[in-house]
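What follows is a short report on a single structure.
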Amino acid sequence: EKGGFDHFMLKEIFEQPTTIFDCLRGRLDASAGTIRMSGVDDNLDMLTNARRIIMVACGTSWHAGLVAEYVFEELCRIPVEVEYASEFRYRNPVIQTGDVIIAISQSGETADTLVAIDKAKEQGAFIFGVVNVVGSSIARVSHAGAHTHAGPEIGVASTKAFTAQLAVLYMIALKLGYAKGTIGMERYTHLINELHMVPEKVATVLESSSRIKELAEKYKDSTDFLYLGRGFNFPVALEGALKLKEISYIHAEGYPAAEMKHGPIALVEETLPVVFVATKDAYHEKLVSNAQEIKARRGKVVAVITEDDPVFTEIADDTMSVPAADELIAPMLGVIPLQLLAYYIGLAKGLDVDKPRNLAKSVTVE
Ligand code: M6R
């Protein structure tokens, strides 16, 4: 049942070229330049006229919501908030007509997310579910939705569900942006093509797994890690840190790279690996100087880079490369080496990567 892999987590990481393809299939047609999603098409007025979109989720699904915040604001010019379901449900949130809630959940059974959307629904919000498990509670409570079609995810650490959530959220943002006219035909078509190429590019990243396994051996005894990224890659830094914590029990924190100076830089010393999510985008030069600041304090720089990046290769102690992609789409690629790094470090430490201590696959109690 693990398909020849040692663990479900590894199998699920390696399934991603297929699961992302399955998620796009029947929806995104690159040659026609179209995206069809009935949950969006049937509610297009409601969605394009949203005053505000609130992403509600927990854990890794919350990180997908955070990527979506950047993407929706960029492409659709709709203000977006991203809420931890547990906070949202208890604080008497202001909900107004015209608010759209996007509930993101792999299991569709996370108690906090479910109660949060129930409450928002009572107050008149429109609920759109981005859920993996068909027929789950969150899928049933939602007014409309789009399934992620990633197949059953067994490993406690969410991997393939995350990239499928991103694929769905990108498609929704593209459809809304195009329908609203906040992006033109050219950018719409370009991003459709970029999404279409993701499964193949993810497969390329997976080919470098043995290199990442070596890095895991090298860094497995570190007691702390810092993960930094900016813009679309900031949530990827958070997700990389969460994966490492769950699977290897190593303390890890994710931060927006520029926040480093406001505190975390105090942690930097020779023994601290700092993982930069540094694929080529508008922030690249800024990340280069952030990495130089880490080196100047003798920290170790490990970087996820776009292949052929001589500048970062020169600064970093170690690199993991991914194929070039549009900066909006890059999180789908940049997260893959970080999933692998967490897996191989957990493995090198002899831990139960599929069932890490104290964690449940779905958190159905608060
Ligand atoms: O099933 P959900 O997506 O609602 O679950 C949310 C979180 O519990 C989940 O992402 C959790 O953080 C994972 N263990 C992350 O790997």
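If I go through segment 152-176 residue by residue, how many of them are more than 11 Å from the ligand (Cβ to nearest atom) and over 10 Å from Gln106 (Cα atoms)? Qualifying residue count for the region: 13.
Within segment 61-101, restricting attention to residues that are more than 21 Å from Ile329 (Cα to Cα), in a helix (DSSP H, G or I) and not polar (S, T, N, Q), the residue that is nearest to the chain's Cα centre (by Cα) is Ala85.
Run down Gly155, Gly145, Gly129, Gly135 and say which single residue is out of contact with any Asp or Glu (no Cβ under 7 Å at 6 or more places or on another chain), in a loop (DSSP other than H, G, I, E, B) and of a type outside the set (A, V, I, L, M, F, W, C). Spell out the reasoning first.
Numbers: Gly155 fails: out of contact with any Asp or Glu (no Cβ under 7 Å at 6 or more places or on another chain); Gly145 fails: in a loop (DSSP other than H, G, I, E, B); Gly129 fails: in a loop (DSSP other than H, G, I, E, B).
The match here is Gly135.
Screening Gly108 with (1) part of a helix (DSSP H, G or I); (2) surrounded by 16 or more Cβ atoms within 10 Å (Cβ to Cβ) gives one miss only, at (1). Among the residues of segment 232-283, those that are of a type in the set (Asp, Glu) and in contact (Cβ under 8 Å) with a residue 24 or more places away in the chain comprise Glu239, Glu246, Glu253, Glu269, Glu270, Asp281. Elements of the type helices (runs of 4 or more DSSP H) sitting completely within segment 247-366 and holding at least 2 residues that are closer than 18 Å to Ala216 by Cα and of a type outside the set (A, V, I, L, M, F, W, C): these cover 331-348.
Mind checking which residues of segment 1-39 are β-branched (Val, Ile, Thr) and assigned to a strand (DSSP E or B)?
Taking segment 1-39 first, the residues β-branched (Val, Ile, Thr) are 13, 18-20, 34-35.
Thr34, Ile35 - these are the residues of segment 1-39 that are β-branched (Val, Ile, Thr) and assigned to a strand (DSSP E or B).
Return a yes/no flag: does segment 42-60 have any residue that is in a loop (DSSP other than H, G, I, E, B), closer than 25 Å to Leu238 by Cα and not small (Gly, Ala, Ser). Yes, there is a match, as at least one residue in segment 42-60 is in a loop (DSSP other than H, G, I, E, B), closer than 25 Å to Leu238 by Cα and not small (Gly, Ala, Ser).
The residue that is surrounded by the fewest Cβ atoms within 10 Å (Cβ to Cβ), counting only those in segment 184-202 that are assigned to a helix (DSSP H, G or I) and hydrophobic (A, V, I, L, M, F, W, C), is Met185. Restricting the first member to segment 160-184 and to residues that are farther than 22 Å from Ser38 by Cβ, and the second to residues that are within 16 Å of the ligand (Cβ to nearest atom) and small (Gly, Ala, Ser), the beta-carbon pairs closer than 7 Å and six or more apart or on different chains are Lys160/Ala150; Phe162/Ala64. Just one of the listed residues (Val134, Val100, Val205) is within 14 Å of the ligand (Cβ to nearest atom) and either crowded, with 23+ Cβ neighbours inside 10 Å or farther than 19 Å from Phe232 by Cα (or both), and it is Val134.
Here, each number is a calculation from the coordinates, and none is a lab measurement. Everything quoted here is computed from the prediction, not taken from an experiment. Please note: Cβ atoms are built from the backbone with ideal geometry, for glycine as well, and neighbour counts cover all protein chains shown.
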